[in-house]
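*Asks:* Can you read through this structure? Questions will come right after.
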Amino acid sequence: MTMMHTLSTTNPTDIGAVARLLTEDGTRVVDPLLEPWSAGIDDGTLRGLYRDMALTRRIDAEGVALQRQGQLGLWAPAQGQEAAQIGTVRACRPDDAVFPSYREHGVLFARGARPADLVLSWRGEVASTFDPNELHVATPQIIIGAQSLHAVGYAMGVQRDGGDQVAVAYFGDGATSQGDVNEAMVFASSFGAPVVFVCSNNHWAISEPVSVQARHPIAGRAPGFGIPSVRVDGNDVIACTAAMRWALDHARGGHGPAFIEAVTYRMGPHTTSDDPTRYRSADEVEAWRRRDPLTRLEAHLRARGAYDDAFAAEVEREADAFAAEMRAAAIGAVPADPITVLDHVYATPHTGLAAQRARFGAYLASFEGV
Amino acid sequence: MAALTMGKALTAALRRSLADDDRVLIMGEDVGTLGGVFRITDGLQAEFGPQRVIDTPLAESGIVGTAVGLAMRGFRPVVEIQFDGFVYPAFDQIVCQVAKMHYRTRGRVRMPLTIRMPWAGGVGAAEHHSESPEAYFAHTAGLRVVAVSNPADAYTMLRQAIACDDPVVFFEPKRLYHSAGEVDLDADIADAAPMGVARVVREGTDVTVLAYGSQVHVAMDAAIAAEDEGVSLEVIDLRSLSPVDYRTVTASVRKTGRVVVTHEAPREAGLGAELIASVTELCFHHLEAPPLRVTGHDIPYPPAKLEKHHIPDLDRLLDAVDHVQGRPSSHSAAGVTS
């Protein structure tokens, strides 16, 4: 088994002990394990990744703003995690199946979700928006870690179909405490399922620090399941891309599951209902601001002469347009017909629900013409 | 027609479903080489291979959760939960994922899972091996829940469940696994009674008894005993617990005017309460007496040597029949309290 395991520390919060290709000031460095997987990441690729990350940040800012203005019921901010999301998901093939959690706005965007797809469920208009079969993305999961099992099951299906798709499960550090994530690793390992686990270790599960979830680095668990893993700088989009290329190649090549711990940070609250000032220090947040994934890549691109005002303006225009569409979709949302609350509960008629539909329909009809 | 035990009928249904549709998979603990602890999957792995009949790790949430992913990929997993009381670790995946996926995705993702469970008591088993969790699942929108009472139904309803595009929780009364009956192995499921339809297993005129699973047999025994006393019981096997076939139920209650529900599960917030509430709404002016429940007690499932005091038996059922007829009980001094 290819064991790609970066664990030079026993401290789960030691952010120095990660595989990294881009330092905090944007200097390209060499990592012997990741380097081979970064081949061909040229300026064009990097500009594309920067654009995706910038749009993700703008999507996130708009989501927060819309929630603050009362247009959305809730939003789960992703600021700071753009590299972990974009770097990994952009390495996937379009037909790889992605199983995200509720915070993976960048993943949804990169897979082709439209502006309305990102707001209508948070607004409470619909349970989900996009078609999972079209984007090969499952509806973002709120139950912590549940999707990891779905990804493994999907990957077991790929094995039975003789396909070469990989299933990707995204979850946070808190999810690694869940039984489902551990059961997912058992199933994936035992069956050699082509699945990649991407753990975004953003240091906080609502108010609980990662040290409550883990006494040792999270990436260290996977080898115990027989799953090779890498602990990567989650704010370094090049490292995230390289790590994901390795993991996908491993899984697609019939070698079974792989595990990535992307060490990153949630800059904002857990959700717009949360108050992180109650449980973490401003100093900690500021320290992470200096590791910002966008600033870092921008510095790198500037040093290479691949970032100029025209590019910045173009990205900003695109981001603004996407955000404006989100806003328009939220504000212009038309509440569904009341009877539709009863739609799609079953694929085939259920007489009990049919009776309720008849009664509720008659009740609604009694208001017509009043 | 062939005389088969319920266990063999279920095996035949699984074999037929695996043969008819290569997207059908069986998964669970010990379902492969061993053939399941009750041997319901006996021989199927040898016949269809380990890619179709999958011995899983011992993790119930993992079994159901991976089945969700397999269904998303277009398979039709048939999951075996080894015992009723072992389903609780999988409860989250069943109620939050299996039940809601179709609704959540507005019909774009189907969950054609069948979740089979050896179910309920009466076999002298250890703790956690005799539970009746059906109300939890019948209470959950998005699931269909069925309970079989005889080999013929076991054969057809399991095939119907596997063919159904909705998730089905499929209860198999373990104390009936060895009971035999005639099964038409060549039957077309399209010609059989639909899974959601109840069956009047014995016609009668005085009291309607609603039962399912092994309690159907208790009700039939009670009907024979009551006949000796000049009382005519109509026994209905509900077969489906979600949806309940209220067309059949209300037709009977309108005829008899009296109804008794019997189940092994505890009484409080159980299916009996739901059935009686609905019957009362639908048939109030036809009722001659308050409907009664005969159920398990509101206790954790008791030790095996005491379970006969928990599971409703013929005497407790006849006692309730006496009460709904307005007669002092001739069967029990304790009266109807549970």
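The values are calculated or read from the model by the stated rules, or taken from the named source; none is laboratory data. Since the model is a prediction, treat every value here as computed from it, not as a measurement. Counting neighbours? That spans all protein chains shown, and the Cβs are built from the backbone with ideal geometry, glycine included. Quick note on the areas: whole protein, heavy atoms, side chains included, nothing else; ligands and nucleic acids left out. Shrake-Rupley method; radii C 1.70, N 1.55, O 1.52, S 1.80 Å.
*Asks:* I'd like the distance separating the alpha-carbon centroids of segment B:110-177 and segment B:187-227, in whole Å.
*Replies:* Spelled out, the Cα-based centre of one part sits 17 Å from the other.
*Asks:* If contacts are Cα pairs under 8 angstrom and at least 6 residues apart, what is the relative contact order of chain B in percent?
*Replies:* 15
*Asks:* Distance from the Cα centre of segment A:264-307 to that of segment B:94-109, in angstrom?
*Replies:* When both Cα centres are located, 35 Å separates them.
*Asks:* Report the extension gain between A:Thr10 and A:Leu74 in nm, rounded to one decimal, defined as 0.36 nm multiplied by the number of residues separating them, less their alpha carbon distance. All intermediate terms of the calculation are to be shown ahead of the outcome.
*Replies:* Details: separation 64, 0.36 × 64 = 23.04 nm, distance 3.62 nm.
Length gained, A:Thr10 through A:Leu74: 19.4 nm.
*Asks:* Another question about this same structure. Need one word for segment B:270-319: rounded, prolate or oblate. Basis is the Cα gyration tensor (sqrt eigenvalues a ≥ b ≥ c); a/c below 1.5 gives rounded, then a/b vs b/c decides. Before the final figure, lay out each step's value.
*Replies:* Details: a/c = 5.07, a/b = 2.16, b/c = 2.35.
Verdict is oblate for segment B:270-319.
*Asks:* If a/c stays under 1.5 just call it rounded; otherwise compare a/b with b/c (prolate if a/b is bigger, oblate if not). Do that for segment A:196-339, with a ≥ b ≥ c from the square roots of the Cα gyration tensor eigenvalues.
*Replies:* Here segment A:196-339 falls in the rounded category.
*Asks:* Rounded, prolate or oblate: which fits segment A:113-212, taking a ≥ b ≥ c as square roots of the Cα gyration tensor eigenvalues, rounded meaning a/c under 1.5, else prolate when a/b beats b/c?
*Replies:* oblate
*Asks:* Using r as the Cβ-Cβ distance of A:Gln159 and A:Arg359, and R0 as 51 Å, what FRET efficiency do you calculate, to the nearest 0.05?
*Replies:* Using R0 = 51 Å, I get an efficiency of 0.65.
*Asks:* Over the alpha carbons of segment B:178-278, what is the largest minus smallest coordinate on each principal axis, giving the biggest first in Å?
*Replies:* 40, 33, 28
*Asks:* Just grab the label-to-label distance for B:Gln51 and A:Arg280, each label 7 Å out from Cα along the Cβ direction, in nm (one decimal).
*Replies:* Spacing of the two 7 Å Cα→Cβ label points: 4.6 nm.
*Asks:* Given the Cα-Cα distance of A:Ala65 and A:Ser177 and 0.36 nm per residue of separation, how much length would full extension add, in nm?
*Replies:* Between A:Ala65 and A:Ser177, full extension yields 37.1 nm more.
*Asks:* Which log10 I(q)/I(0) values does the protein assembly as shown give at q = 0.11 Å⁻¹ under the Debye formula, counting every alpha carbon as one identical point scatterer?
*Replies:* -1.10
*Asks:* Further question on the same structure: Enumerate the amide H contacts of B:Leu113 below 5 Å, restricted to partners 5 or more residues apart or on another chain; note that Pro and chain-start residues carry no placed amide H.
*Replies:* B:Val168
*Asks:* Here's something else I'd like to know. So what's chain A giving for Rg/Rh, alpha carbon basis, Kirkwood Rh from the mean inverse pair distance?
*Replies:* Answer for chain A: 1.00.
*Asks:* Within segment B:144-172, which residues have the backbone N less than 19 Å from the label spot 7 Å out from B:His178 along Cα→beta-carbon, could you tell me?
*Replies:* Counting only backbone N, you get B:149-152, B:172.
*Asks:* I've got another one for you. Could you work out how far apart the two model spin labels at B:Arg327 and A:Arg114 are, taking each label as a point 7 Å from the Cα in the direction of the beta carbon, and quote it in nm?
*Replies:* 7.0
*Asks:* Related question: Report, in degrees rounded to the nearest 10, the 0 to 90 angle that the Cα long axis of helix B:215-228 makes with the longest principal axis of chain B.
*Replies:* Once rounded, the angle reads 30 degrees.
*Asks:* Moving on. What residue among B:Val79, B:Gly326, A:His136 has its Cα farthest toward the positive end of the dipole of the protein assembly as shown, where the charges are +1 on Lys, Arg and -1 on Asp, Glu, each on the Cβ?
*Replies:* After comparing all options, I get A:His136.
*Asks:* Expressed as a whole percent, how much of the Cα-Cα distance distribution for segment A:160-271 exceeds 15 Å? Could you put the intermediate results ahead of the total?
*Replies:* Working: 3845 of 6216 pairs.
Across segment A:160-271, Cα pairs with separations above 15 Å total 62 percent.
*Asks:* Treating the angle as unsigned and between 0 and 90°, give the value, to the nearest 10°, between the Cα long axis of helix B:6-20 and the longest Cα principal axis of chain B.
*Replies:* In chain B, helix B:6-20 runs at an angle near 40 degrees to the longest axis.
*Asks:* Further, regarding this structure: Ordered by residue, what ³J(HN,Hα) values in Hz, to whole numbers, does segment B:260-275 give under the Karplus form 6.51 cos²θ - 1.76 cosθ + 1.60, where θ = phi - 60° and Gly and Pro are x?
*Replies:* 10, 10, 10, 8, 6, 5, x, 7, 5, 6, x, 5, x, 4, 5, 4
*Asks:* Further question: Under unit Cβ charges (Lys, Arg +1; Asp, Glu -1), what dipole magnitude, rounded to 20 debye, does segment A:29-142 have relative to its Cα centre?
*Replies:* In debye, rounded to 20, segment A:29-142 gives about 380.
*Asks:* What Rg and what Dmax come out for segment B:236-286 when only alpha-carbon atoms are used, in angstroms?
*Replies:* For segment B:236-286, the Cα radius of gyration and maximum Cα-Cα distance read 10.6, 29 Å.
*Asks:* Let me ask something else about it. Considering the dipole of chain B built from charges on the beta carbon (Lys and Arg +1, Asp and Glu -1) around the Cα centre, which of B:Pro112, B:Thr205, B:Val123 is farthest to its positive end?
*Replies:* Highest projection toward the positive end goes to B:Pro112.
*Asks:* So if I take the alpha carbon set of chain B, get Rg, then get Rh from the Kirkwood formula, what is the Rg over Rh ratio?
*Replies:* Value, to two decimals: 0.97.
*Asks:* What FRET efficiency do you get for A:Asp320 and B:Ala277 if R0 is 56 Å and r is their Cβ-Cβ distance, rounded to the nearest 0.05?
*Replies:* 0.50
*Asks:* Moving on. Would you compute, from DSSP H runs of 4+ residues alone, the mean residue ellipticity of chain B at 222 nm, taking -39500 (n - 2.57) per run and dividing by the full residue count, rounded to the nearest 500?
*Replies:* Taking each H run of at least 4 residues, the total per residue is -9000 deg cm²/dmol.
*Asks:* Just tell me how shielded A:175-187 is by partners: mean number of partner chain Cβ atoms within 10 Å of each residue's Cβ, no decimals.
*Replies:* Averaged over the peptide's residues, the number is 4.
*Asks:* For segment A:39-191, what is the accessible area per residue in Å² when the probe is 1.4 Å? Numbers along the way, then the final one.
*Replies:* Working: 4390 Å² over 153 residues.
Value returned for segment A:39-191: 29 Å² of accessible area per residue.
*Asks:* Taking every pair of alpha-carbon atoms in segment A:160-200, give the share separated by more than 15 Å as a whole percent.
*Replies:* 43
*Asks:* Also, quick follow-up: Grab the other residues whose beta carbon is less than 14 angstrom from that of A:Ala329, score K and R as +1, D and E as -1, and report the net.
*Replies:* On the way: positive: A:Arg114, A:Arg123, A:Arg327; negative: A:Glu62, A:Asp117, A:Glu125, A:Glu325.
That works out to -1.
*Asks:* What fraction, in whole percent, of alpha-carbon pairs in segment A:1-137 exceed 18 Å separation? Intermediate values should be presented prior to the final figure.
*Replies:* Numbers: 5912 of 9316 pairs.
Percent of Cα pairs beyond 18 Å in segment A:1-137: 63.
*Asks:* Hey, what angle do you get for helix B:246-256 against the long axis of chain B, alpha-carbon based, 0 to 90 degrees rounded to 10?
*Replies:* 20
*Asks:* Take each of the peptides A:163-173, A:124-134, average the number of other beta-carbon atoms within 10 Å over its residues, and list them starting from the highest.
*Replies:* A:163-173, A:124-134
*Asks:* Given +1 on the Cβ of Lys and Arg, -1 on the Cβ of Asp and Glu, and no further charges, what dipole in debye does chain B carry about its Cα centre, rounded to the nearest 20?
*Replies:* 960
*Asks:* Taking the simple approach of a point 7 Å from Cα along Cα-to-Cβ for both B:Val197 and A:Asp249, what is their distance in nm?
*Replies:* That separation, rounded to one decimal, is 6.0 nm.
*Asks:* Counting each DSSP H run of 4 or more residues in chain A as -39500 (n - 2.57), what helix-only mean residue ellipticity at 222 nm follows after dividing by all residues, to the nearest 500 deg cm²/dmol? Before the final figure, lay out each step's value.
*Replies:* Values: 13 runs with 159 residues, N = 370.
Value at 222 nm, helices only: -13500 deg cm²/dmol.
*Asks:* Efficiency by 1/(1 + (r/R0)^6): what FRET value for B:Glu288 and A:Val341, r their Cβ-Cβ distance, R0 = 51 Å, to the nearest 0.05?
*Replies:* 0.85
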